[in-house]
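Take a look at the structure set out below.
Each reported figure results from applying straightforward, stated rules to the coordinates on display, with no laboratory input. A quick note: this is a predicted structure, and the numbers were derived from the prediction, not measured. A quick note on method: Cβ atoms are made from the backbone with ideal geometry, for glycine too, and the neighbour counts reach across all protein chains shown.
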Amino acid sequence: MDRTEENRQEYKELQCRVKRKVSKAKQKAYDELYTRLDTREGQKDLYRLARQRDRDGKDVQQVRVIKDRDGRVLTSEEILQRRWKEYFEELMNEENERGKRVEGVNSVEQKVDKIRKDEVRKALKRMKSGKAVGPDDIPVEVWKCLGEAAVEFLTSLFNRVLESERMPEEWRRSVLVPIFKNKGDVQSCSNYRGIKLMSHTMKLWERVVEAMLRKVVEICEQQYGFMPRKSRTDAIFALRILMEKYRDGQRELHCVFVDLEKAYDRVLREELWYCMRKSGVAEKYVRVVQDMYERSRTVVRCAVGQRGVQSGGGTASGIGSDPLPVCYGDGPVVRGGQTGDLLAQ
């Protein structure tokens, strides 16, 4: 579907209609649930729901004991802070067994265009409201409320950052909050996902840079995650249909599944620079992205306090949420697999 204003309005109207129907369906389901819980047969469901709610409510703000790597329970506040610091430093600074591919790629020195107001306006529109703020306590809603004045100021600011290839030091600070995955032992650090709280202005800068890179980088067709008008659900559906067709025809279908557990955390920075240069990205853009990872300062916040974390050479210790490592790391991997290079390795 073309992204015209008419189609956008039609989409919003359909979205509102769907939300109203979903709301009515939820209310009906709740009414049926409450009616069932009032019966003798519904008592078991009541206890089951209570247990489920208790599990869902467990997070790092409630858990004040944690286990070390040997399974011993830790209770001291000082030791707890040290354990969280140790865990995330190991995660972010883990050595990658793969060799660094930094040779044999020429840099592309060329003039890049200045950032335009419409690019900033579009990036600002894509930013979601109501998100937790970073250390600077400036939510994106501030920029949205200022309207065109904010767009003009941010465009000037981002162009200065692009020209100098260095962003403000305040943007380099972040807070890492462990969030329980709702599975496994609640006292095991490995069952928590680290969520970075970063400056919203820095995240807006990320979006502007990402949009510029998408214009010059050819991302392979097989990339479904973090792509506009695509979803990993589509890829799963296509694979399911393919399996059914082969099963009906009684033919063999060979699939390769690559386990990318904590893949984002383990992407080497040198690998990212290599992929960007190999894709023909201008060296100025490479240096701008490199600057996002330089001198980053992160503290881990847990129930008993917070402790600084030492950054390493992986992408986990740099920018927070944008899919740059995924987009520019998966493409060469997929293309290499198609030509047999991946299997040869």
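Observations on the structure shown:
- Sum of side-chain charges, ARG160 neighbourhood, beta-carbon under 11 Å (Lys, Arg +1; Asp, Glu -1): 0
- Pairs beyond 20 Å (Cα-Cα), from LYS131/LYS284; LYS144/LYS215; LYS19/LYS128; LYS125/LYS203; LYS67/LYS183; LYS26/LYS183: LYS131/LYS284; LYS144/LYS215; LYS26/LYS183
- FRET efficiency for the ASN106 to ARG20 pair, using the beta carbon distance and R₀ = 56 Å, is estimated at 0.50.
- Considered as an equivalent ellipsoid built on the Cα gyration tensor, segment 157-250 has semi-axes of 36, 26, 8 Å, the largest given first.
- Here the residues LEU162, LEU146, ranked from fewest to most Cβ neighbours within 10 Å of their Cβ, fall in the order LEU146, LEU162.
- By other beta-carbon atoms within 10 Å, ranking VAL73, VAL161 with the fewest at the front produces VAL73, VAL161.
- Residues whose amide H comes within less than 5 Å of that of LEU74, counting only those at least five positions distant or on another chain, are ILE66, LYS67, ASP68 (H built at 1.01 Å from N in the peptide plane).
- Multiplying the residue separation of GLU165 and GLU221 by 0.36 nm and removing their Cα-Cα distance gives an extension gain of 17.0 nm.
- Net length available on complete extension from LEU37 to ILE79 is 10.7 nm, with 0.36 nm assigned per residue and the Cα-Cα distance removed.
- Charge sum, other residues only, whose C-beta stays under 9 Å from SER296's C-beta, Lys/Arg counted +1 and Asp/Glu -1: +3
- Rg to Rh, two decimals, where segment 1-56 supplies the alpha carbon set and Rh follows Kirkwood: 1.32
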